[in-house]
1. Would you call R307 at negative phi and modelled with pLDDT of 95 or more?
2. Could you give me the residue pairs with C-beta distances under 9 Å whose first residue belongs to the range 144-164 and is free of Cβ contacts under 8 Å to residues at least 12 places away in the same chain, whose second residue is within 8 Å of ligand 2 (Cβ to nearest atom) and aromatic (F, W, Y) wherever it lies, and which are 6+ apart or on separate chains?
3. Which residue is farthest from the chain's Cα centre (by Cα), if the candidates are limited to the range 78-131 and must be of a type in the set (A, V, I, L, M) and within 16 Å of ligand 3 (Cβ to nearest atom)?
4. Report, by residue number, each residue of the range 243-285 that is more than 20 Å from L208 (Cβ to Cβ) and part of a loop (DSSP other than H, G, I, E, B).
5. Restricting attention to the range 209-221, report how many residues are open to solvent by 10 Å² or more (accessible area, probe 1.4 Å) and in contact (Cβ under 8 Å) with a residue 24 or more places away in the chain.
6. Taking E229 as meeting all but one of (1) closer than 18 Å to S79 by Cβ; (2) open to solvent by less than 50 Å² (accessible area, probe 1.4 Å); (3) of a type outside the set (S, T, N, Q), write down the number of the exception.
7. List every residue pair whose Cβ atoms sit under 7 Å apart, with the two residues 6 or more apart in sequence or on different chains, where the first one lies in the range 227-241 and is in contact (Cβ under 8 Å) with a residue 24 or more places away in the chain and the second, anywhere, is outside any loop (DSSP other than H, G, I, E, B).
8. Restricting the range 138-163 to residues that are touching a Pro at 6+ places or on another chain (Cβ under 7 Å) and either among the charged types (D, E, K, R) or farther than 23 Å from L116 by Cβ (or both), which is nearest to ligand 3 (Cβ to nearest atom)?
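The values are calculated or read from the model by the stated rules, or taken from the named source; none is laboratory data. Predicted, not measured: the structure shown is a model, and the values here were computed from it. Quick reminder, even Gly has a Cβ in these numbers, built from the backbone with ideal geometry, and neighbours come from all protein chains shown. The area values use the complete protein model at the heavy-atom level, side chains included, leaving out ligands, DNA and RNA. Shrake-Rupley method; radii C 1.70, N 1.55, O 1.52, S 1.80 Å.
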Amino acid sequence: MNESTTGNGDGTTTVAAGVSPAIAEPPREKLTKKAITADHPTWCPGCGDFAVLASFYKVLEKRQLDHEKIVTLAGIGCSSRFPYFVNGHGAHYIHGRAVPLASGISLARPDLHVFLFGGDGDGFSIGGNHLDHGARKNINMTYFIMDNFVYGLTKKQTSPTSPIGFKSKTDPTGAIDQPVNPMKKLISGGATFIARTHAANVTHMIQLIERAMDHQGFSVIECLSECVEFFPDVFDPANPKKGGSFEVIQEKKWDNTPEDELRHDVTDELAAYKLASLPFPGVFGVFYETDRPTKNALEKKWIENTREKVGNASDVEVLQKTFDRMK
Ligand SMILES: Cc1ncc(C[n+]2csc(CCOP(=O)(O)OP(=O)(O)O)c2C)c(N)n1
Ligand code: SF4
Ligand SMILES: [Mg+2]
């Protein structure tokens, strides 16, 4: 009940003349997997991307985000089909252009949780430049890159992360180009949360998605997600269920113990770069994390300062004044 309403003692209320009654918020329904699930995924049976989707559902269920505040965006690719399978706001956008779209949404609606999903081709090839600029501007979003070392949707072309020697439709005699190192690219690009995981390790994936979500700024997770159709078994060396070993980064606990000397300081850019230089399959976990003002916060401050200067002028008046100055 608010100040303008009077309880009558019989369950009814009288509203003061000329005042609209406040509309009570209906009780929130629990966010269940059923509520978050949209279409049935159309990936090939055994594709690593299924586990990513399952982990994402788990995180949403666990965190009980407000359903209407969830946005999933993607470019084009098998992995980029992700938003189809999430019942929330979303778009399956132009190949490689998910970061600019997400940037606009994040800046205009800072109250939303902006999640991006996509592939190695989408993120590091056609969208590579957008990735760098989203990172350096530190725009608030969580970007999950499902790296399968191949273009899956278009049926086996060499991707920017394909290893040298990989035979594909575009490299029938084997790839000859140096692949992108996603961790190095993201560190030098200026992303403020950078991590790596494997689709075969759901627990690890969930932990990292949660940490990335909690980070203010441009957070990126590279996830090795097997394309069983066009590059099978490539991630087995990091899959203990298939004879490999999944080596997790031990982060510093700052507990003054001798063991801690050997642990990784996630704020140390050079240490992160060294970890990123380890040979395949490398290590998994958080490589780098730092606090830097987000573009969202800086832009908000800038808008507020400008608003103060222009007083009560409307947007159109401000625009007109600017045009007048240009005459
Ligand atoms: C502008 C543009 N160029 C090329 C394509 C063709 N195309 C669609 S998806 C794709 C690559 C997808 O690879 P990746 O991002 O690694 O996703 P995956 O399918 O492996 O999950 C390409 C080249 C396109 N749709 N639009
Ligand atoms: S082609 Fe590869 S990446 Fe695409 S759905 Fe099939 S297994 Fe997954
Ligand atoms: Mg791919």
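1. no
2. Cβ pairs passing all conditions: none.
3. I126
4. Of everything in the range 243-285, those that are more than 20 Å from L208 (Cβ to Cβ) and part of a loop (DSSP other than H, G, I, E, B) turn out to be G243, W254, D255, N256, T257, S277, P279.
5. Filtering the range 209-221 for residues open to solvent by 10 Å² or more (accessible area, probe 1.4 Å) gives 210-211, 213-216.
Those left that are additionally in contact (Cβ under 8 Å) with a residue 24 or more places away in the chain: 210-211, 213, 215-216.
So the count comes out to 5.
6. Of (1) closer than 18 Å to S79 by Cβ; (2) open to solvent by less than 50 Å² (accessible area, probe 1.4 Å); (3) of a type outside the set (S, T, N, Q), only one is false for E229: (2).
7. From residues that are in contact (Cβ under 8 Å) with a residue 24 or more places away in the chain, the pairs are C227/V150; F230/V150; F231/V150; F235/H198; F235/L224; A238/H198; A238/L224; N239/H198.
8. Restricting to residues being touching a Pro at 6+ places or on another chain (Cβ under 7 Å) and either among the charged types (D, E, K, R) or farther than 23 Å from L116 by Cβ (or both), the top hit is D147.
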